[in-house]
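Only one structure is covered here, and it is reproduced in the block below.
The values are calculated or read from the model by the stated rules, or taken from the named source; none is laboratory data. These numbers come from a predicted model, not from an experiment. Every residue, glycine as well, gets a Cβ built from its backbone with ideal geometry; the counts of neighbours run over all protein chains shown.
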Amino acid sequence: MKPDSVSIQKRYDRIAPYFEIMEAVMEGLFFKRWRKRLWDKVDQDSRHILEIGVGTGKNFEYYPANARITAIDFSPQMLKQAVIKRDRKQVVVELEVMDVQSLYFADNSFDTVIASFVFCSVPMPLKGLKELYRVCKPGGQVVLLEHVLSSKPVMAWIMNLVNPLVVGLVGANINRNTVKNVQSCAFEWVRVDERSSDMIKLIEARK
Ligand SMILES: C[S@@+](CC[C@H](N)C(=O)[O-])C[C@H]1O[C@@H](n2cnc3c(N)ncnc32)[C@H](O)[C@@H]1O
């Protein structure tokens, strides 16, 4: 793992026990609604789904019952929280420590690859997104829920200014242009859900 990746991974290791408390207000006010919309996009006939950056397992309650789910995260401590939740809630999911920038999976392995609020933290986001493309089956889908840099100049200026502070504290960049990054991969098409806001984007891409 590159030094940059190690430091981000360590930040998530450090905040893992408090992660859900830290996000509780935003989760209740905004994220929960968006998670439902994210998982509603998953193809009904998806047989094998890969969740990237599973974190503490906040998406467990949305997993479709009829699909096999594999989920990865590069922070062992975040994954430890997910394991506790999986066992407590009896969720059927295979959890593995892995970096999205170099996935161990073979090409064309998954019907759906999904992630929520992950590509803000991935040190080399394009490398990670290319890995999503690689492991997705032809005709399969990649579905992402991401916060991005505002399109409003003043807000974008503020976000760029405070970004180093946020990265230092929690490991997440608040100034990523993830839609553009997905569009630069080789997907057949990329769509941004019309309910997306200026800073929260629900993105679907088809391989
Ligand atoms: C903001 S949290 C979101 C967690 C979860 N997806 C959610 O919606 O609550 C970002 C997660 O992505 C993981 N992550 C960041 N970079 C990663 C990478 N390169 N490979 C795998 N996981 C990564 C972090 O460890 C963390 O658990």
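Pairs linking a residue in region 99-110 that is within 18 Å of Ser46 (Cα to Cα) to a residue that is among the hydroxyl-bearing types (Ser, Thr, Tyr) and modelled with pLDDT of 95 or more, with Cβ atoms under 7 Å and 6 or more positions apart or on different chains, do not occur.
Would region 113-126 turn up any residue that is away from the ligand (no atom under 13 Å from the Cβ), surrounded by 17 or more Cβ atoms within 10 Å (Cβ to Cβ), in contact (Cβ under 8 Å) with a residue 12 or more places away in the chain and not charged (D, E, K, R)? No. In the condition set (1) assigned to a strand (DSSP E or B); (2) closer than 25 Å to Gly171 by Cα; (3) more than 11 Å from the ligand (Cβ to nearest atom), Ile49 is compliant with all but (2).
For region 165-195, the candidate set comprises residues that are surrounded by 15 or more Cβ atoms within 10 Å (Cβ to Cβ) and small (Gly, Ala, Ser); within that set, the residue that is nearest to Ile15 (Cα to Cα) is Gly171.
Can Ile8 be described as more than 11 Å from the ligand (Cβ to nearest atom), buried (at least 19 other Cβ atoms within 10 Å of the Cβ), closer than 25 Å to Leu202 by Cβ and in contact (Cβ under 8 Å) with a residue 24 or more places away in the chain? The answer is no for Ile8. Which residues, counting only those in region 52-70, are of a type in the set (Gly, Ala, Ser) and within 9 Å of the ligand (Cβ to nearest atom)? Of everything in region 52-70, those that are of a type in the set (Gly, Ala, Ser) and within 9 Å of the ligand (Cβ to nearest atom) turn out to be Gly53, Gly55, Gly57. Among the candidates Met98, Met78, Met22, the residue that is more than 9 Å from the ligand (Cβ to nearest atom) and either at negative phi or modelled with pLDDT of 95 or more (or both) is uniquely Met22.
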